[in-house]
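We did not get these values from a lab; they are worked out from the coordinates using the rules stated. Just so it is clear, the model here is predicted, and its values are computed rather than measured. Cβ coordinates were reconstructed from backbone atoms using ideal geometry, including for glycine residues, and neighbour counts include every protein chain displayed.
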Amino acid sequence: MLNTLNAEKAMSDLGTVVLDFVKNLFAFDQAHPLLFTQFYFWAFFAIVLAFLSLMKNRILLRNAFLFAVSLFFYYKTSGLFLMLLISVVLYCYLAGLLMPKVKKKAGKRLLLLLSVVFNLSLLFYYKYAYFVTDIINNLAGTSFEVHDWIASAGNSIVGAPVFSIESIFLPVGISFFIFQAISYVVDVRKDRIEPVRNFLDFGFYLSFFPQLVAGPIVRATEFIPQLHKPFFLSRHHFGLAVFWILNGLAKKLILSDFIAVNLCDRVFENPLLYTGFENLLALFCYSLQVYADFSGYTDIATGVAMLMGFHLPKNFNSPYKARNAGEFWKRWHISLSKWLQDYLYIPLGGNRNGTVWSYAIILGIGFLASALARNWWVFGAVLCLTVILSVLITFCKGLRKELISNINRMDTMLLGGLWHGASWNFMIWGGLNGLGMLIYRFWHRCNVYVRALVITLICIIFRWLAVVHPASVFNLFFVWTLIIAVGAVVHMLYHMCRFKAEFRWLDTAWSVLMTFIFITFTRLFFRSGSNLDPAEANEQAWNTAKNMVERIGGHWDLSLVPDMAVYHKNVILVFIFGMIIHWLPERFKRRYRIWFLRMPLPVMVAVCVLAVFVIYQFITSDLQSFIYFQF
């Protein structure tokens, strides 16, 4: 009798354990979204691969299955925001089918406009509600509060308080799948691609789980032709896929997470607690952190997709090898750069002409910023710049085309900055990148003598400002322009001595270094606006950026620098190691990729086991989410 009771109790306990396991397996935990760095994901992916192997080349079944597992993946990442993704899939699928049936151009334009408005409205609501409310409150002196009306409507429909209405949460990856949806509808409208007839195929395209939450942004013209191709995975592609997965995990766990946990997160949380040296070190380390994090995600996504027989576009090309800001954006987040070029810059007029929107965007942002600053000097500067540009565009035909193309570039970068986050810091970051492009265009056209003279004069001006009106920002710009001035003078001297050919490599290295420093400085505003409560993002982000500038440009106690360097030696060593790997010649990197691909399978397995063991020695106590999940 006792044995029977014990057996029943054991069975009951086992049933409870199994039930809890199943609940956890299918439950959404907001604090622990599904990440590529979790064992759970790799168990999930192994099951997906096992089922795919059974389906072989039954393409419709394969696409339907991958659509279903992609929805499950997004649910485990974002919970009930899954319904938002499904609504975007359904709307854009129907819009794509309807587009060819509308015969009149006006009808097609209207349908395209409605589709763009639908998608951007969702993005605007979830991402920019706090930002716009904050602007209105600051301008009008009101005290409006954000209320999640969509969640409230959902509660009314189900008749229970299922959704929180106190605040609006940003769905993971919304910027990526919204931009992908817009590109599909636009491409169908412009007859670049035929609309997808099968709903399951289209749903699979828009929700493909490896790139769903952080890109790359996959264009329909690149991916849809792959939907109906039979599965094929060569030995070469298998090895390459494994290589990219290991490469991405190493970037994420060894470089990004280690730097974040041991320095960057601490310093950016409260810059005033740390020295100027530590603030500057954190800023440079963040440049490596964000690259290793984002490109690491892309590498893993590329490898995972390749194992399933699909190919994603290249999203990074050693961006810190760029010699100027324009080249940087051809190497960094390439899918977004191309999207902005094709669907924003060119429609605005590109380098040919301007549109009403070209001027409305830049003037609207300028006057809005001056109104929020509540400073007549800022307003006057914006007004003067507007008048000067208007006169030059109207009367100087030789400059008109160049000025208009520069306005379109600046508009693109400002809105690209705003795409990254709903705070003025992101717009400042985008504006600085745009300004860097414009300055380089001017710099590139000047001869070496003009460059040396101009930058020397600017350096003198900043030094004078730092003396007359002491401020950390003037000290910072003085030191930076002094470094550039020294480089410009040296460049002028070796040009005069006709050493140009012999020292071309030095000129390239200097350009790469200066571009890296510039991009790193702009990261100050990018990182300050990240990981914040949207309700407080503007003020908190600005204060963080201001405090870091105060520390970096303020007085340094140089006697503390050696001790600080020793204290942070592990972070510094990881940073140096990461940058050396990044700056290695591409031919060298290609060599060790090929070496890995040609390994016998048993050796490759042994190397993978060893690599995973080493990588997971760097894992933190709590896995860090990918940075671009919040975009």
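May I ask for the longest run of the chain untouched by GluC sites (Glu not before Pro) that are loop-located per DSSP and have at most 14 neighbouring C-beta atoms (other than their own) within 10 Å? After excluding every exposed loop site, the longest remaining stretch is 167-501. Computed extension length for M599-F232: 130.1 nm, one decimal, from 0.36 nm per residue of separation with the Cα-Cα distance subtracted.
Each 5 Å bin, from zero up to the one with the longest distance, holds this percent of the alpha carbon pairs of the stretch 52-136: 3, 11, 14, 15, 15, 15, 12, 8, 4, 1, 1, 0. Put simply, the convex hull of the Cα atoms in the stretch 348-472 casts, on average, a shadow of 9.3 nm². With N the number of residues in the stretch 532-606, Rg(Cα) / (2.2 N^0.38 Å) evaluates to 1.90.
With each label modelled as a point 7 angstrom along the Cα→C-beta vector, the F169-S53 pair spans 3.6 nm. Could you tell me which residue out of L246, V614, F588 lies farthest along the dipole of the chain toward its positive end? Charges go on the beta carbon: Lys and Arg +1, Asp and Glu -1, centred on the Cα centre. Of the options given, the answer is F588. A straight Cα-to-Cα reach below 25 Å connects K103 with the lysines K190, residues fewer than 8 places away in its own chain not being considered. On C-alpha positions alone, give me the angle between the axis of helix 105-140 and the longest principal axis of the chain, in degrees, nearest 10. The angle comes out near 70 degrees.
Taking the Cα atoms of the stretch 166-287, the ratio Rg/Rh between the radius of gyration and the Kirkwood radius comes to 1.13. From helices alone, the chain scores -23500 deg cm²/dmol at 222 nm; the rule is -39500 (n - 2.57) for each run of n ≥ 4 DSSP H residues, then divide by the residue total. Sorted on the mean count of surrounding Cβ atoms within 10 Å across their residues, most packed first, peptides 411-424, 73-86, 353-366, 305-318 read 411-424, 73-86, 305-318, 353-366. The alpha carbons of the stretch 183-237 give a radius of gyration and a Dmax of 12.4, 39 Å, in that order.
Stokes-Einstein at 37 °C, 0.692 mPa s, Kirkwood radius from Cα pairs: D for the stretch 313-404 in µm² s⁻¹? Roughly 211 µm²/s, to the nearest whole number. Under 18 Å of direct C-alpha separation, and excluding same-chain neighbours fewer than eight residues apart, K229 reaches these lysines: K56. Normalised by residue count, the stretch 113-157 yields a Cα convex hull volume of 89 Å³ per residue. Segment T221..H555, full-extension length gain: 114.8 nm, with 0.36 nm per residue of separation and the alpha-carbon distance subtracted. Looking at the stretch 440-483, the pairs of alpha carbons with a distance over 11 Å make up 63% of the total. The orientation-averaged shadow of the Cα convex hull for the chain, equal to a quarter of the hull surface, comes to 37.6 nm². Legend: distances between Cα atoms for K338/K397; K252/K314; K105/K397; K251/K321; pairs beyond 24 Å are K338/K397; K105/K397.
Contact order, relative form, for the chain: 17 percent (alpha carbon pairs under 8 Å, 6 or more residues apart, mean separation divided by residue count).
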